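In what follows, a structure is listed as structure tokens, so that the remarks can point back to it.
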Amino acid sequence: MAEAQSNLASALHEQGKLAEARQHYERALALKPGFAEIHYNLANLLKEEDHLKEAAARYEVALTLKPGYAEAHNNLGITLQQQRRPDEAVAHYQRALAINPNYAEAHNNLGSVLQEQRKLAEARVHHEKALALRPDYAEAHNNLGIALQQQARLDEAVAHYQRALELKPAHAKAHNNLGTAFKEQGRFKEATAHYEKALALKPDFAEAHYNRSELMTFRQGDPHLAALESLAARIDNLPESKRLHIHFALAKALDDVGDYARAFEHMLAGNALKRREVDYDEARTGQMFRLIRETFVPELFDRFQATGDASPRPIFVLGMPRSGSTLIEQILASHPAVHGAGEIGTLNVVAMGEANPYPAYVSTLDAAALGRLGRAYLASLPEAPPGKTRITDKSPLNFLHVGLIHLILPNARIIHTVRDPVDTCISCFSKLFTFDMQFSYDLAELGRYYRHYRQLMAHWRSVLPAGAMLDVCYEQVVGDLEGQARRLLDYCSLPWDDRCLSFHKTNRPVTTASAVQVRQPLFRGSVDRGRHYQDYLQPLLAELSIPVVR
């Protein structure tokens, strides 16, 4: 009898009759509570209904009854991953693979959660194992594409997305991801076409709506704006992750059409949802800034003058996010001697790679150790095309490591991009960042973070020798492109090249939030952007007005 109820439930489940299916699974369990497979099937249904906690509890019961149930470990991993419990998800994927090393789906899912943890090399290994087991596994091709894209290997990522779509033409996520890869390559028409295919397949695909919004300028009466408004009308019925993307997309659209009051409402709602997702420890962040200032004191720089590795190859472009760093890198990357490598991210790995905590351990190093760290960073740089003798690292948060850069690479160029504080912060607040910007989703927290940043940059100017860092003002670049471009090249000891003035024509991957803007000629539309939102920014303005205390 229990088996019959379970079979009927499974048939109803396949027909999409979830409420009826659930009733019959529960009847089956009332008759046979020790039937692990029924608990597992009911958990799958609950997961499909987005009842993640209930689903996880059912998978746990199934595993208590049948500890070697690889599929239950795998699906419990999926559920935990969706609840943003990545370490627990990894453990269950690994247990599934310990039971069945040839479980392609578990390899793919483990790769997916490792991507979220930024363990990209490990993630690729598992996606590749999944594809070795199942070469026609469209989802693994898609996920391998994501891992490659996050490593800035865009051509390879595109190939895997395209293969996923050959195998599964209605794969909306692969269309969306291919669109993003094309956007980063500057292929905007193709990117838009794939976002639209994703939305044709899945009209409520919130992430595709958001991505498409980044590629267009909305006008009154725009059908895409109407589609977003329609989704917003029933936003309370959408999962939180979808609501998040719709709010940010609508904020962009309404900003375009000049409806700033409503744009800010959606900006605020989207940021509030994102803030609940991120684990931002503001007290720890403040302590980090303080420790950096206390460690990198004048005596440290006096002790280690002209140590480290002497290579002049790196050019660091850093500063607050949304302060013009992508524009500056694009100008430099338009020079024939410069390879624009984007946000490399390895300096942070080098900085944190010592046994003792950063930054305190820096004061215990000797000249040989500083040289070793400099060489480790240089070895981590991506290979540059022939003829490129200089390479940019445009990781904005490297502003935390300016002192370390000068110690380990004293001949490296350090370019600090500066923009109006309110414009910088509202631009951060309007963006849904992929990684590392947990401080930007609450106006007061964002303002306090900006104050920490401002204080640290003042500290660097006070302890570094003259000429160690160049401040470049975004507004001045907009007002005098050639003058500021010449200043940049002079600082980097590079000869003048007119191509730097046509930076928007430079063909290279751009993976940052400014990927669209730097493909366009310079425009003044982002200058004084904060004026549109002055009436709504009191928590931010209050924090920014507090003077720096040394």
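The numbers here are math on the coordinates, done by the rules we state, and not lab data. Just so it is clear, the structure is predicted and the values come from calculations on it, not from any experiment. Cβ sites come from the backbone with ideal geometry, for glycine too, and all protein chains shown count toward neighbours.
General observations
- Rounded if a/c under 1.5, otherwise prolate or oblate - region 136-288, Cα gyration tensor axes: oblate
- Interchain or long-range residues, amide H under 5 Å from ASP471's placed H: HIS416
- Compared with the direct C-alpha span, the chain from HIS504 to GLN94 gains 143.0 nm at full extension, assuming 0.36 nm per residue.
- Label-to-label distance for MET352 and HIS532 is 3.5 nm, based on points extended 7 Å past Cα in the beta-carbon direction.
- Placing unit charges on the Cβ atoms of the charged side chains and taking the dipole of the chain about its Cα centre, the candidate lying farthest along the positive direction among SER241, ALA21, HIS504 is HIS504.
- Placed amide H near HIS339: partners under 5 Å, 5+ positions off or other chain: ARG390, ILE391, THR392
- Region 282-544, relative contact order [Cα under 8 Å, separation at least 6], %: 29 percent
- Relative packing of 234-243, 428-437, 479-488, 205-214, which averages over residues the other C-beta atoms within 10 Å, highest first: 205-214, 428-437, 479-488, 234-243
- Per-residue HN-Hα couplings for region 468-478 [Karplus 6.51, -1.76, 1.60; θ = phi - 60°; Hz; x = Gly/Pro]: 6, 9, 10, 7, 10, 8, 4, 4, 5, 5, 4
- Modelled FRET efficiency - R0 41 Å, ALA132 with ARG187, Cβ distances, 0.05 increments: 0.85
- Estimated distance in nm for a label pair at SER311 and ARG290, the labels positioned 7 Å out from Cα along Cα-to-Cβ: 3.7 nm
- Between ASP436 and any residue 5 or more places off or on another chain, the built amide H atoms are never under 5 Å apart.
- Length added when fully stretched, ALA57-GLU166, from 0.36 nm per residue minus Cα-Cα: 35.5 nm
- For LEU268, net neighbour charge (Lys/Arg +1, Asp/Glu -1) across residues whose Cβ lies under 15 Å away: +1
- In terms of other Cβ atoms within 10 Å, MET216, MET352 run from fewest to most in the order MET352, MET216.
- Cα gyration tensor, region 282-544 - rounded (a/c under 1.5), prolate or oblate: oblate
- Note on the chain: Rg/Rh from C-alpha atoms, Kirkwood Rh, equals 1.00.
- Shape class of region 256-324 from the alpha-carbon gyration tensor: prolate, with a/c at 1.5 or above and a/b greater than b/c.
- Net charge in the neighbourhood of GLY111 (other residues with Cβ under 12 Å of its Cβ; Lys, Arg +1, Asp, Glu -1) is -2.
- For the chain, the residue among THR364, MET267, PRO101 whose Cα projects farthest onto the positive side of the dipole built from Cβ charges is THR364.
- SER545 versus ALA200: modelled label distance in nm, points set 7 Å from Cα along the beta carbon direction: 5.3 nm
- R0 of 22 Å, Cβ-Cβ distance ILE235-GLN15: FRET efficiency to nearest 0.05: 0.15
- Cross-link pairs beyond the 29 Å C-alpha cut-off, checked among LYS47/LYS173; LYS53/LYS197; LYS168/LYS242; LYS129/LYS168; LYS183/LYS274; LYS47/LYS252: LYS53/LYS197; LYS47/LYS252
- Helix-only [θ]222 nm of the chain, DSSP H runs n ≥ 4, -39500 (n - 2.57) each, per residue, nearest 500: -18500 deg cm²/dmol
- Listed residue (GLY68, ALA181, PHE301) projecting farthest to the positive dipole end of the chain, Cβ model: PHE301
- ARG303/ASP490 FRET efficiency (R0 25 Å; Cβ-Cβ; nearest 0.05): 0.25
- For HIS224, net neighbour charge (Lys/Arg +1, Asp/Glu -1) across residues whose Cβ lies under 13 Å away: -2
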